[in-house]
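Here's the structure, in structure tokens; my notes come after.
The values are calculated or read from the model by the stated rules, or taken from the named source; none is laboratory data. Note that this is a predicted model, so its numbers are computed, not measured. Cβ placement follows ideal geometry from the backbone for every residue including glycine, while neighbour counts extend to all protein chains displayed.
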Amino acid sequence: MRIVMSGASGMIGTALSEHLAGQGHEVVRLVRRAATDAREWTWDPATGQLDEAVLAGTDAVVNLSGAGIGDRPWTKRRIQVLRESRLQATHTLTAAMRRLGQPPATFISQSASGYYGASRDGVLREDAGPGGGVLGPLCVDWERAATTAPSGVRVVTPRTGVVLSTSGGALGPLLPLLKLGLGGPFGNGRQFWPWITLFDEARALAYLLTSEIEGPVNVCAPESADVNAIVAGLAEAFHRPAFLRVPRPALRLVLGGLADELVLTNQRMEPARLSEAGYQWQHPSLSDAMDWLSKERAR
């Protein structure tokens with residue numbers, strides 16, 4: 001397959017690119033700077049500039065573009081950047097597809113577990129409605145933008161949970177505390193986080209490229225885990241203590257709006273559609289994930 005990918009330099013994009021290349025697929029990365037070889041193509045999503053020629057003869061487009069959710073405080077300007085970086089990139093890609101007589105057959109456009117809002121009761125399957133806050137409406141518009149792809153294109157919007165990796169990702173603001181032995185359960189620790197290893201995240205996205213699934217897909221591990229269990233596992237994986245519970249007021253003071261929607265969020269998400277389709281997780285349980293993290297850390 002020939003696959004054009006935006007956001008290929010990010011944590012998920014790098015892992016997915018390497019996995020696809022290892023399977024013998026051709027990956028063309030969209031970059032905002034001058035392209036340096038045939039595997040890159042320059043674009044400018046902020047101004048909607050993308051030569052549709054790059055998509056000609058392409059089998060699939062993967063859209064992973066978007067400013068980092070958890071790496072900066074959520075000022076009004078930052079929230080605007082989070083929104084614009086996602087919607088502009090998605091609309092630029094779908095507009096380029098519409099200018100082709102024969103667009104790519106598949107469009108994988110990333111979404112997030114934030115679709116369900118900051119805190120929800122019960123099990124969240126793909127048919128659960130959207131939540132509020134900052135991320136809920138953002139993800140609704142993000143997914144809606146993906147559906148502006150031309151008729152006949154299979155559009156998939158993976159709602160990815162917390163990606164566990166030694167390089168950080170959504171855990172970026174928290175890993176330094178854990179590595180110093182200063183981290184601990186956040187709030188009461190009984191809130192559920194939908195988690196997945198970076199290893200499984202890349203393979204799940206690759207699976208979606210060749211499956212017949214269409215629409216929203218919850219991308220997380222099948223085993224639910226609350227923050228108490230996840231933090232305890234991370235502390236063990238990094239060989240650090242994690243006894244100091246971080247109270248809700250302290251989290252809000254340090255992280256602002258990030259606290260309620262990323263750290264204190266309660267989302268018991270279930271990967272119903274992936275399970276029904278027969279996807280096989282390499283790390284289905286939290287113990288599997290922590291074993292993998294320990295080995296990755298030791299490399």
(request) Check off (1) part of a strand (DSSP E or B); (2) free of Cβ contacts under 8 Å to residues at least 40 places away in the same chain for Ile3 and give me the number that stays unchecked. (result) (2)
(request) Of the conditions (1) crowded, with 20+ Cβ neighbours inside 10 Å; (2) assigned to a helix (DSSP H, G or I); (3) at pLDDT below 95, Ser294 clears all except one; give me its number. (result) (1)
(request) Report yes if Gly122 is part of a strand (DSSP E or B) and on the phi > 0 side of the Ramachandran plot, otherwise no. (result) yes
(request) Only one of these is acidic (Asp, Glu), surrounded by 15 or more Cβ atoms within 10 Å (Cβ to Cβ) and at pLDDT below 90: Glu201, Glu261, Glu270, Glu223. Name it. (result) Glu261
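Yes or no, residue by residue, for (1) of a type in the set (Val, Ile, Thr); (2) closer than 26 Å to Leu164 by Cα:
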position	(1), (2)
Trp41	no, no
Leu50	no, no
Val61	yes, yes
Arg83	no, yes
Thr92	yes, no
(message) Against the conditions (1) at pLDDT 95 or above; (2) among the charged types (D, E, K, R); (3) farther than 29 Å from Phe199 by Cβ; (4) over 16 Å from the mean Cα position of the chain (by Cα), where does Glu18 fall short? Just the number, please.
(response) (3)
(request) Considering each of Ala128, Ala118, Ala145, Ala112 in turn, give the residue that is over 30 Å from Asp226 (Cβ atoms) and among the hydrophobic types (A, V, I, L, M, F, W, C). (result) Ala145
(message) Could you check the range 97-124 and list, in sequence order, the residues that are loosely packed, with under 15 Cβ neighbours inside 10 Å and touching a strand residue (DSSP E or B) at 6+ places or on another chain (Cβ under 9 Å)?
(response) Ala105, Asp121, Gly122, Val123
(request) Pull up the range 45-54, narrow it to residues that are not in a loop (DSSP other than H, G, I, E, B) and not acidic (Asp, Glu), then point me to the one that is farthest from the chain's Cα centre (by Cα). (result) Ala53
(message) So if I check each of Ala277, Ala289, which one is buried (at least 17 other Cβ atoms within 10 Å of the Cβ), modelled with pLDDT of 85 or more and under 24 Å from Pro216 (Cβ atoms)?
(response) Ala289
(message) For the range 135-153, check the following and say yes or no: at least one residue is surrounded by fewer than 23 Cβ atoms within 10 Å (Cβ to Cβ), assigned to a loop (DSSP other than H, G, I, E, B), at positive phi and not polar (S, T, N, Q).
(response) yes
(message) Please go through the range 55-100 and give me each residue that is without any contact (Cβ under 8 Å) to a residue 24 or more places away in the chain, among the hydrophobic types (A, V, I, L, M, F, W, C) and in a loop (DSSP other than H, G, I, E, B), ordered by number.
(response) Ala67
(request) State which residue pairs qualify: first residue on the phi > 0 side of the Ramachandran plot and inside the range 177-204, second residue acidic (Asp, Glu) and at pLDDT 85 or above in any location, beta carbons under 9 Å apart, and separation of 6 or more residues or different chains. (result) Gly189/Asp226
(message) Could you list, ordered by first residue, the pairs with Cβ atoms under 8 Å in which the first is in the range 225-254 and of a type in the set (S, T, N, Q) and the second is modelled with pLDDT of 65 or more, at least 6 apart or interchain?
(response) Asn228/Gly189; Asn228/Arg190
(request) Mind telling me which of the residues Val62, Val81 ends up being over 26 Å from Val153 (Cα atoms) and either crowded, with 16+ Cβ neighbours inside 10 Å or at pLDDT 95 or above (or both)? (result) Val81
(message) I'm trying to understand the selection: among the residues of the range 16-41, which are assigned to a loop (DSSP other than H, G, I, E, B), touching a Ser or Thr at 6+ places or on another chain (Cβ under 9 Å) and basic (Lys, Arg)?
(response) Arg32, Arg33
